[in-house]
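Read through the structure below, which is laid out as structure tokens, and then see the notes.
The values are calculated or read from the model by the stated rules, or taken from the named source; none is laboratory data. All of these numbers come straight from a predicted model, not from anything done at the bench. Methodologically, a virtual Cβ is constructed for each residue, glycine included, from the backbone with ideal geometry; neighbour enumeration extends over all protein chains shown.
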Amino acid sequence: MLDAARPAPIVEMRGIEKAFGAVQALRNVDLVLYPGEILGLVGDNSAGKSTLMKILTGAYQRDAGQVFVAGQPVHFRSPHESRDVGIEMIYQDFALCGNMDVGQNIFLGRWPRRGFFINRRKMYAEADTVLKRLKVDVNSVFQKVESLSGGRQQSVAIARAISFEPRVVILDEPTANLSVMATERLLETMLELKKQGVAQIIISHRLIDIFAVGDRVMVLKRGENVGDRFVKDTDDREVLEIIVSGTRENAQTADEARAI
Amino acid sequence: MTDEASVRRLPSQLVGGWETGLLILLVLLYLGGAFVNPAFFGSTEAFHALLRDSSRVGIIAVGMTFVIVNKDLDLSVGSTYGLVAVVFARLFAPSFLDLGIVTSVVLCLLLGTVIGLINGVLVTILKVPAFIATLTILFIGRGFVLALTHGQSIYYPAKATEHPLFFHLGETNLLGFNNQIVIFAVVAMVGAYVLAKTRWGYETFATGGNIQAAAYAGIPTNWVRIRAYLISSLCAALAGLMSAAQDKGVTPLYGVSGELTVIAAVIIGGASILGGRGRVAGSCLGALLVVLLDKVLREGWPITRIIKIGNEEVAVNAVFSLPVGAVPVFLGLLLILAVLIEPYLIRRQVAARLWAWLRGRPPPPAYEIGGIAIESVQTKGAMTTDIALSATGLGTFLARRDALAIILTVVLWLTGLALRPDYWWNLSNSFAILLNYTELALITIGLTYVIAAGDIDLSVGAVLALAGSTAAYFLKVLGADPATAVAMGLLAGMAAGLVNAIVTVGFKLPAFIATLGMFYIARGLAAWFVAGQQLTGWPEGYNLLGRKVNDILLHYRISLPDGLLRSVAEVVSVQTIWMLLVALVAGIVLAYTPFGQKVYATGGNVRAAAYAGINTNRVRFLSLILAALCATMAGIINVAYFRSFNPVAGQFRELDAIAAVIIGGGSIFGGYGTMIGALAGAAVITLVRALLQLNVQGFAMPQHWINVFIGLILIVAVLIDIWVREVNLFGRLRAKLARRAPATDTTHA
């Protein structure tokens, strides 16, 4: 019944395997993401969260398994290819150039041009539009990024990501370097993005953030799926229990858990 | 083997496979030399001379090992060595201060300590990149050497005989070998044990391997690095005293490019320019190898030359030797190759893998190399508050990064006017300044791109000389026409730029070490081309590249009518017009096109730029090529202007150009720099040089001191960049004072 009401998944990963030398980082991992959904990806250190995301963006190559984006099978060889189909990743350290201003950073590497020259008027106007759409307050698009606080820098990184009009945004530990206030603002921004239909995957150690904005939480342990829950149906105690003592054998999907 | 046995037999820290290989290579090389040239290498005399001359290099190499293991670099050792010998001569020689031997030696060692301390403090506490700080100290030291000797030798053999105890250190002892070898052996032993077996050494390896981890572990990393600079400078001072004891005199050429020999020795000895690796034993063997190579190159090798006398052909024994100044070519090449050995051979275990492959075994497991990135200097200063946005009116101008350069240009020019109102305002003086300015500005244009992209090019002055000498060689020796000469000059300069770019970008070496190698190679090649010949007197057609517009028109028999046009043509040179044209194009590209933005993005954060799809390698490659191209054009014009090639062309130009870019708002860490700023910075340097040469009421500053002064300006400019622009020291002070003021108010209330 539930499945019928739900749209087709935007991202689907099936049976992903990845080994680094003798270390099996991922074993037969599945992941589903629906449009407009915020999925929390949690697990202990070395659970394989980042590896799974890097396979999705094409930074790593999978050993086995399939990836579908909007139903189409894909095989990205680099992050640039995944960006072309609308998957954006925001790195923990934001990957911005501190010596350049906000507008230049939002359009880093693809500055709009007029003839041989940069079209600065258009660049700053569009940067302003993107920032407005995010409803974040960065004083000015002319401000150098190195003079911004950590939270503001992250806003610029997100603005940069959504200026590509992505369908999926992956946030790697987005709240790790942020103050309480900045975290609040980030969570608002994520809800704003969700309203605009952007699916998001958030890798985080802080369950509280995922419970604040997430729709679903997926747990990885030693490279395996050990559980999947709707945020509405669960609490942090249960998720912690799965992280610590979940096994593949008694893993339940979110739907199964809801059916019980 | 059981665990217990492997624990009982600890791996040696003093020597390893690399040292054994070096020793074998040395023996083979020496035997080869003895076979080819028995007259020179066959005698025990020669072997003794090799050991004696290696002693001084070896001692400095011992000190340098500490610095390089720390992931630092000390380029000032050669000039420290020379300066100590000169200062000793000034103190001791009867014709100067005529001090006692003990006083002189103590003062010289004190000088070494001070230089080491300055290096260390600049690099650690003041956070100046090691290569730029010690390069400046190198030039300042060299300036002092010239200024203190007035370019002449000082000898004191008579007084030396009164102090046999000290001067015997440089002579052969009763056992039949030179005492310097004993000193070398002692220094090497102590150095080897300290680096390999003591806490000092362990702290050095930790600091070089991962400075942050070392600091977290409670190691005083600043002190460890300052200590290494002190050791290095004191070793150089000791070597300088040994040369004084041996020669009982000094020439101003002592220690010229000594840093090259020493650094090459240490790197060949197995130390890593990326820090954390190195052994004193290897460095000593490296020193022997480099000195042996140097001797072979200088001595030449015997050849049989066929000479026709009348109708008879006579075989004559001759010696093929390199011209003076050509040896650095090979040492520079050796430096670049040696620097590549560590990351590409040792760290990838090429030997072990080849051995396994030959035996059909699986290759040994690779080292974990993820943590050690081979990157150039990419540290960023702390954040500044963005003053520019809140400022208005005059404040907007003052907040610009190039404001300093523009204000200084005006102030310096007005100073010149105030000092010599009769002369400064003169047209001839103004255009003499403009001509000096043109050469520097042209080099600065290219260097702005390199520094903005986060790299550095230390070879611009040498590339200028290489291009100039190539053009002159083709014109004079080969009798080529002007167009060919220009093409060949461009080709030579471009080849140098290509090597810079390939070594830096392709092999991922720090730009400063790659271009340092090129600095010696290009200068050596230039000296090689002109060896023994006065390169001057060629068709005037070529020289038109450096003439005034009116002269060119007259050459083509066009005479302008009297009037404004003619007056302008009489004073403006074609190279100035060319420079302005290049500056205009380069400035527009840097400021307004995607390529310029890519340069800034690469310099600001190379990883972010790569994520954004920018081909950062291409950007850095093109920037380095552009710098070489600009230097090449300056060299071709230089030769045309002087109508001859002077081997000192472009000397100290790298210093001028880097200072110009930094004063003009560039950051030594990359990501900043504008064309207007760089041109203004070049104007500042040109005006400083012109002012220093100015004769004010019969007093003129001696030429030798000017380079000391320019070196000081560079250091001050870098310090201002780091501490005022990046860290915003004044802003912080103001904030602190502002916070304190209300606090006192409330206590009163």
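What the table shows:
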| read-out | value |
| --- | --- |
| Helices (runs of 4 or more DSSP H) lying entirely in the stretch B:631-749 (those with 2 or more residues that are modelled with pLDDT of 85 or more) | B:653-663, B:675-693, B:703-720 |
| Test result for B:L111, without any contact (Cβ under 8 Å) to a residue 40 or more places away in the chain, in contact with a Leu (Cβ under 9 Å, 6 or more places away or on another chain) and in the same structural domain as B:G255 (by the TED database) | no |
| The stretch B:653-676, subset of a type in the set (G, A, S) and within 14 Å of another protein chain (Cβ to nearest Cβ), residue farthest from A:L108 (Cα to Cα) | B:G665 |
| So B:Y254, is it over 30 Å from B:E162 (Cβ atoms), among the aromatic types (F, W, Y), assigned by the TED database to the domain that holds B:I137 and crowded, with 23+ Cβ neighbours inside 10 Å | no |
| Check on A:E165, exposed (fewer than 15 other Cβ atoms within 10 Å of the Cβ), at pLDDT 85 or above, more than 23 Å from B:A399 (Cβ to Cβ) and away from chain B (no Cβ under 13 Å) | yes |
| Filter result (closer than 22 Å to A:P174 by Cα and touching a Phe, Trp or Tyr at 6+ places or on another chain (Cβ under 8 Å)) within the stretch A:74-86 | A:P79, A:S82, A:R83, A:G86 |
| Qualifying residue in the stretch B:46-62 (condition: over 31 Å from the mean Cα position of the chain (by Cα), among the hydrophobic types (A, V, I, L, M, F, W, C) and assigned by the TED database to the domain that holds B:Y202) | yes |
| Condition check for B:N646: more than 14 Å from chain A (Cβ to nearest Cβ) and in contact with a helix residue (DSSP H, G or I) (Cβ under 8 Å, 6 or more places away or on another chain) | no |
| Selected residue (criterion: surrounded by the fewest Cβ atoms within 10 Å (Cβ to Cβ)) from residues of the stretch A:133-154 that are more than 12 Å from every other protein chain (Cβ to nearest Cβ), part of a loop (DSSP other than H, G, I, E, B) and touching a residue at least 24 places away in the same chain (Cβ under 8 Å) | A:K135 |
| Cross-chain or 6+ apart pairs with Cβ under 8 Å, the stretch B:643-663 first and assigned by the TED database to the domain that holds B:A678, then among the acidic types (D, E) and outside any helix (DSSP H, G or I) | B:E654/B:D457 |
| Residues of the stretch B:546-587 satisfying the condition of being in contact with a strand residue (DSSP E or B) (Cβ under 8 Å, 6 or more places away or on another chain) and either of a type in the set (S, T, Y) or farther than 23 Å from B:A472 by Cα (or both) | B:A569, B:E570, B:V571, B:V572, B:S573 |
| Selection count, the stretch B:175-190, where residues are in contact with a strand residue (DSSP E or B) (Cβ under 8 Å, 6 or more places away or on another chain) and in a helix (DSSP H, G or I) | 1 |
| Residues located in the stretch B:595-616, provided they are in a loop (DSSP other than H, G, I, E, B) and either surrounded by 18 or more Cβ atoms within 10 Å (Cβ to Cβ) or at positive phi (or both) | B:N605, B:A612, B:G613, B:I614 |
| Residues of the stretch A:196-209 satisfying the condition of being at pLDDT below 90 and not small (G, A, S) | A:Q196, A:H205, A:R206, A:L207, A:I208, A:D209 |
| Subset of the stretch B:583-594 [more than 9 Å from every other protein chain (Cβ to nearest Cβ) and crowded, with 18+ Cβ neighbours inside 10 Å] | B:A583, B:A586, B:G587, B:L590 |
| Residues (surrounded by fewer than 24 Cβ atoms within 10 Å (Cβ to Cβ) and closer than 30 Å to B:L260 by Cα) located in the stretch B:88-103 | B:R90, B:L91, B:A93 |
| Every residue from the stretch A:220-260 that is of a type in the set (G, A, S) and without any contact (Cβ under 8 Å) to a residue 24 or more places away in the chain | A:S245, A:A259 |
| Subset of the stretch B:173-200 (residues that are more than 33 Å from the chain's Cα centre (by Cα) and touching a residue at least 24 places away in the same chain (Cβ under 8 Å)) | B:F177 |
| Inter-residue pairs, beta-carbon under 6 Å, first at positive phi and in the stretch B:68-95, second assigned to a helix (DSSP H, G or I) and of a type in the set (G, A, S), 6+ apart | B:K71/B:G208 |
| When residues of the stretch B:595-619 are limited to those that are under 28 Å from B:Q575 (Cβ atoms) and in contact (Cβ under 8 Å) with a residue 24 or more places away in the chain, the one farthest from the other protein chains (Cβ to nearest Cβ) | B:V599 |
| Residue tally, condition within 11 Å of chain B (Cβ to nearest Cβ) and either surrounded by 15 or more Cβ atoms within 10 Å (Cβ to Cβ) or part of a loop (DSSP other than H, G, I, E, B) (or both), over the stretch A:78-87 | 3 |
| In the stretch B:510-551, the residues that are modelled with pLDDT under 85, aliphatic (A, V, I, L, M) and either out of contact with any Pro (no Cβ under 9 Å at 6 or more places or on another chain) or more than 16 Å from B:N638 (Cα to Cα) (or both) | B:A531, B:L535, B:V549 |
| Residues located in the stretch B:647-695, provided they are within 19 Å of B:R420 (Cα to Cα) and polar (S, T, N, Q) | B:T686, B:Q693, B:N695 |
| Elements of type strands (runs of 3 or more DSSP E) contained in the stretch A:164-246, each with 1 or more residues being among the small types (G, A, S) and either more than 21 Å from A:D30 (Cβ to Cβ) or under 14 Å from the mean Cα position of the chain (by Cα) (or both) | A:199-203 |
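Quick grid of which residues meet (1) within 12 Å of chain B (Cβ to nearest Cβ); (2) without any contact (Cβ under 8 Å) to a residue 24 or more places away in the chain; (3) in contact with a strand residue (DSSP E or B) (Cβ under 6 Å, 6 or more places away or on another chain):
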site	(1), (2), (3)
A:L56	no, no, no
A:A64	no, no, yes
A:I90	yes, no, yes
A:F94	yes, no, no
A:C97	yes, no, no
A:G103	yes, no, no
A:R110	yes, yes, no
A:N119	yes, yes, yes
